[in-house]
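Taken together, the values in this text are just the output of simple stated rules run on the coordinates, not laboratory data. It should be emphasised that the depicted structure is a prediction, and the values quoted were computed from it without experimental measurement. Reconstructed Cβ throughout: ideal geometry from the backbone, glycine too, with neighbour counts over all protein chains shown.
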Amino acid sequence: MVVAESPGVAGLAAHPAALPRFWAGVAERGTPLLEPAGPGRHTATFLWRGDAATTNVLLLANRLADRDDLAPSLMRHVPGTDVWHLTYLLPDDYRGSYQIAVDEAAHTEPPDNAYWQRLMAAARTDPFNPRTLPTGRSGRASSIMELPDAPVQPWNAPSGAPEGEVVEHRFTSEILGNERSLWVYRPRPGGAIAATAGTDGTDDGTGGLPLLVLLDGNLWFPLLDFRHTTDNLIAAGRIPPMLVVGVDAIDVPTRRRELGGDPRFRGFLRTELMPWARRRLGATRDPAQTVVAGQSFGALAGLDAPDLFGGVLCQSPSLWRAPETVDAYAAADTRLRLHLSVGRYEGAMVADTRALTGVLRDRGIEVTHTEYTGGHDFVCWRGCMAEGLAALASRPTR
């Protein structure tokens, strides 16, 4: 990432009469403004239309903004105009989310957590960009930017595929001492909700449907509407009809504690959630047909039970939080199948994930490893989730 200058903005100070035409063009084209900048690269110019009272504008772009040094993320003001702008030089396949915060850049020192939380609460979407997606744990929307060669994400939108059913359940955990929502997706192959083992809601022992345990379910189902992705993948034959249980993270402190290595969470998965899914939903008892998926801290929880899940879909794992996870997998059952993905803008996570991939392959464990041009971002994860599920489904169990 390089901060650059936009030819389309640079001359406005000398030609204020061009402002109405400039803003009319922005409203028509939308933002960010993309301009070719040599082979494989574009400049992306972000804009804010200020007023006489505007003192500063921060561009909070996922993993382009440095939380410890926000000065480079301050938009530049074109003197004598209402134009605030910031331009990045980016690869043609970049995808990411961003927000804009106005008159909030009061700190010159590295911001503390309280300031960062206030900044996030004040940030807003880009009024010139209609494309948004909920990307925060609170469900607040961010704007989406995609450069021309960003990988296509064909599985996210409704397509007319037979629609599965999503039902929210409340689940009380004695091990964790809390209550949470579970969102259960049941497929509808051929237009009828898929049958489960045991018509009275009990497991008759004959097997049952494959199961995906999806962490951070409170984002994937109510906000990202993950059922469309699952519907489309099943209809296209990329994955078998399967149950999905989306597990609510409850709140940020609970998520950090449980998904960041709390051994009780593994006990919850093993002795409470999985038996419930088999008994109530008719989920398979076969670990080879059971997949767990998570992001960041959630990826650790997926990596933390190698004997419970035969498939693991691990996105942007926070391996610095629990380095012993690598050792656990070095001794794991070689029948495991894993799909690891990480963004090239995720700093040390890139090297950590590559190292984990090497450990797994040296052990003889099946693993696919993909890297995308983006950051720690649901805008990227939702497409990678679909591709990861398809990759795991295409690899036969051993």
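Here are the numbers for this structure:
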| item | result |
| --- | --- |
| Per-residue ³J(HN,Hα) for region 292-298, Karplus 6.51 cos²θ - 1.76 cosθ + 1.60, θ = phi - 60°, Hz, x for Gly and Pro | 10, 9, x, 10, 6, 4, x |
| Inter-label distance, nm, simple model (7 Å from Cα along the C-beta direction), Arg29/Trp116 | 3.4 |
| Charge dipole magnitude, Cβ of K and R +1, D and E -1 - the chain, Cα centre, debye nearest 20 | 600 |
| Förster-model FRET efficiency, 30 Å R0, Arg354 and Asp262, C-beta, rounded to 0.05 | 0.65 |
| Residues whose placed amide H lies under 5 Å from that of Ile239, excluding near-sequence neighbours | Ile234 |
| Contact order normalised by residue count of the chain, Cα under 8 Å, 6+ apart, percent | 13 |
| Prolate/oblate/rounded label for the chain (Cα gyration tensor, a/c 1.5) | prolate |
| In Hz, Karplus ³J(HN,Hα) per residue of region 111-117 (6.51, -1.76, 1.60; θ = phi - 60°; x = Gly, Pro) | x, 7, 5, 5, 5, 4, 5 |
| Farthest toward positive dipole pole in the chain [+1 Lys/Arg, -1 Asp/Glu at C-beta], among Pro151, Val292, Ala236 | Ala236 |
| Residues whose placed amide H lies under 5 Å from that of Leu212, excluding near-sequence neighbours | Leu243, Val244, Val245, Val291 |
| Helical contribution to [θ] at 222 nm, DSSP H n ≥ 4, -39,500 (n - 2.57), averaged over the chain, rounded to 500 | -7000 deg cm²/dmol |
| Viscosity 1.306 mPa s, 10 °C: Kirkwood-radius Stokes-Einstein D of region 2-146 over Cα pairs, µm²/s | 101 |
| Among beta bridges that DSSP assigns inside the chain, antiparallel share in %, nearest 5 | 65 |
| Rounded to 10°, Cα long-axis angle of helix 378-393 versus longest principal axis of the chain | 30 |
| Note, ³J(HN,Hα) from phi for region 152-165, Karplus 6.51, -1.76, 1.60, rounded to Hz, x at Gly and Pro | 5, 10, x, 9, 7, 8, x, 10, x, 5, x, 8, x, 10 |
| Positive dipole terminus of the chain, leading residue within Val57, Ser394, His42 (C-beta point charges) | Ser394 |
| Distance (nanometres) between label positions extended 7 Å along Cα→Cβ at Ala14 and Ser394 | 5.3 |
| Trypsin sites (Lys or Arg not before Pro) lying in DSSP loop within region 55-123, provided at most 13 other Cβ fall within 10 Å | Arg67 |
